[in-house]
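The values are calculated or read from the model by the stated rules, or taken from the named source; none is laboratory data. Note that the structure is a prediction, hence the values are computed from the model and not measured. FYI the Cβ positions are ideal-geometry reconstructions off the backbone, even for glycines, and counts take in every protein chain you see. The accessibility values were calculated without ligands, DNA or RNA, using every heavy atom of the protein model including side chains. Shrake-Rupley method; radii C 1.70, N 1.55, O 1.52, S 1.80 Å.
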Amino acid sequence: MVVFERDLSAEASRRLDEAWLKRFSAALHADRGFYVAIAVYVIAGFAFAALARRELHFDGAYFRVWMQLIVSALALSLTIGLCGAVVRGSAHGRWEAAGKAVRHSLRPEIAAGLLLFAGLGLFTAAFTAIKCMLPHARPFWADALLADFDRALFFGRDPWLWLQPLLGRYAVTSVVEFVYGPVWITMMLLAPLFAAAFMQRGALRNQFLAAYLLAWSVNGTLIAGLMMSAGPAFFAQVTGDAARFGQLVSYLQYNLDWSMSASAGQHMLWSLYQHQLSSLGAGISAFPSMHMSMTTLCVLAAWRLDRRAGWAMLAFAVVITAGSIHLAWHYAADGLFAIVSSVCLWKLAGWATRRADARERGSAPTA
């Protein structure tokens, strides 16, 4: 009898394993388009480097950060599940509830999503390597054009001059630097992680991830490569005109010892550029603003998820827009173009995912 029960238990375990692997394989298959896009981008980067006779340097820090995020996400998901099991379960049923929580935290869709997120880490490392290489293959040329466009658009004055009476206080600038730096970076790490592994699989998830890859590829690489510009912080270095943004650059040097100082970050990026080095978050490219491109995608996704989240993200986008100008990272044109182009890429991603879904179902795509 004991042997028979053991055989039944082994058979049940085997069937569970087979079911888990089947769902995992199905989730990987559903994400195959994203893997193809990542592979194409990485291969194209190596091809461009070969044509430009440059080396593509991948920084290992990306892989360490991505692995830490994956492990942390698994640990957090498991902890939340176990805590819920302890709270909800009765005294004799808590072990069973805990087992279910573990299985739910490690369900195949999450595992496949975390694997895709690891792929996005490779994609991001490739993006940074390409971004660091671009200005050495195609020098900065568009800064004066973009600055003059800004001045014409904002009634004959550079946009930072309009913002300075409102934001030109060290306490306010410090808050803007914190939001523009650590807060934005945290959001940009967690958004694709949540979308890949924890968002319900469906149209919105696929649209966000497709738009995410498109934005970095089209805005951050192709258009950035065509419109090579360094931004107001480096205007003097690339144009020889130290006066135009000199006051703003001097103002931002109020606290160079602070780790979140925009000016300190700009000094570091210019040093990496001069020494032709690649590092986590390195690379100089102003047009279009990837801060605004990614923020726009998050606004659009949040608006679809929950209107309250959408309004919160919209307020965040306003701060990022103003901060990109006030902190001398970008011209206003960089952000304006990024917003419009990102909305277009969002629409394109939605059309592409609907079409792909229609092919999977064997029917014509809806309009």
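Would you please list the contacts, defined by Cβ atoms under 7 Å and residues six or more apart or on different chains, that run from a residue in segment 266-287 that is closer than 22 Å to Val65 by Cβ to a residue that is among the aromatic types (Phe, Trp, Tyr)?
That search, which allows pairs on different chains as well, returns Leu280/Tyr62; Ile284/Phe234; Ile284/Tyr273.
Which residues, taken from segment 310-362, are out of contact with any helix residue (DSSP H, G or I) (no Cβ under 9 Å at 6 or more places or on another chain) and either open to solvent by less than 70 Å² (accessible area, probe 1.4 Å) or at positive phi (or both)?
Selection gives Ala315, Ala358, Gly362.
Which residue pairs have Cβ atoms closer than 9 Å, lie 6 or more positions apart in sequence or on different chains, and pair a first residue in segment 226-237 that is on the phi > 0 side of the Ramachandran plot with a second residue that is open to solvent by less than 10 Å² (accessible area, probe 1.4 Å) and among the charged types (D, E, K, R)?
Close Cβ pairs satisfying both conditions: Gly231/Asp143; Gly231/Asp334.
Tally up the residues in segment 15-66 that are modelled with pLDDT under 90, among the charged types (D, E, K, R) and closer than 30 Å to Arg361 by Cα, please.
Summing the residues that are modelled with pLDDT under 90, among the charged types (D, E, K, R) and closer than 30 Å to Arg361 by Cα in segment 15-66 gives 3.
Only residues that are touching a residue at least 40 places away in the same chain (Cβ under 8 Å) and among the β-branched types (Val, Ile, Thr): list them for segment 184-199, please.
Matches in segment 184-199: Ile185 only.
If the requirement is being touching a Ser or Thr at 6+ places or on another chain (Cβ under 8 Å) and not acidic (Asp, Glu), which of these qualifies: Phe155, Phe140?
Phe140
Find the residue count for segment 207-220, including only residues that are closer than 17 Å to His330 by Cβ and of a type outside the set (Phe, Trp, Tyr). Break it down stepwise before answering.
Of the residues in segment 207-220, the ones closer than 17 Å to His330 by Cβ are 215-216, 219-220.
From what's left, of a type outside the set (Phe, Trp, Tyr): 215, 219-220.
Of the residues in that region, 3 qualify.
Taking the options Ser279, Ser250, name whichever one is over 23 Å from Gln164 (Cβ atoms) and surrounded by fewer than 22 Cβ atoms within 10 Å (Cβ to Cβ).
Residue meeting the stated conditions: Ser279.
Working only within segment 56-74, note down all residues that are without any contact (Cβ under 8 Å) to a residue 12 or more places away in the chain and surrounded by 12 or more Cβ atoms within 10 Å (Cβ to Cβ).
Arg64
On the basis of being assigned to a helix (DSSP H, G or I), closer than 20 Å to Ala126 by Cα and either modelled with pLDDT of 95 or more or open to solvent by 20 Å² or more (accessible area, probe 1.4 Å) (or both), does Ser263 make the cut?
no
From the set of residues in segment 27-54 that are more than 20 Å from the chain's Cα centre (by Cα) and in contact (Cβ under 8 Å) with a residue 60 or more places away in the chain, which is surrounded by the most Cβ atoms within 10 Å (Cβ to Cβ)?
Ala27
In segment 138-246, which helices (runs of 4 or more DSSP H) lie fully inside it and hold 2 or more residues that are under 30 Å from Gly119 (Cβ atoms), open to solvent by 60 Å² or more (accessible area, probe 1.4 Å) and of a type outside the set (Ser, Thr, Tyr)?
The qualifying helices (runs of 4 or more DSSP H) are 184-193.
Exactly one of these conditions fails for Ala301: (1) of a type outside the set (Asp, Glu); (2) open to solvent by 20 Å² or more (accessible area, probe 1.4 Å); (3) in contact with a helix residue (DSSP H, G or I) (Cβ under 8 Å, 6 or more places away or on another chain). Give me its number.
All conditions pass for Ala301, except number (2).
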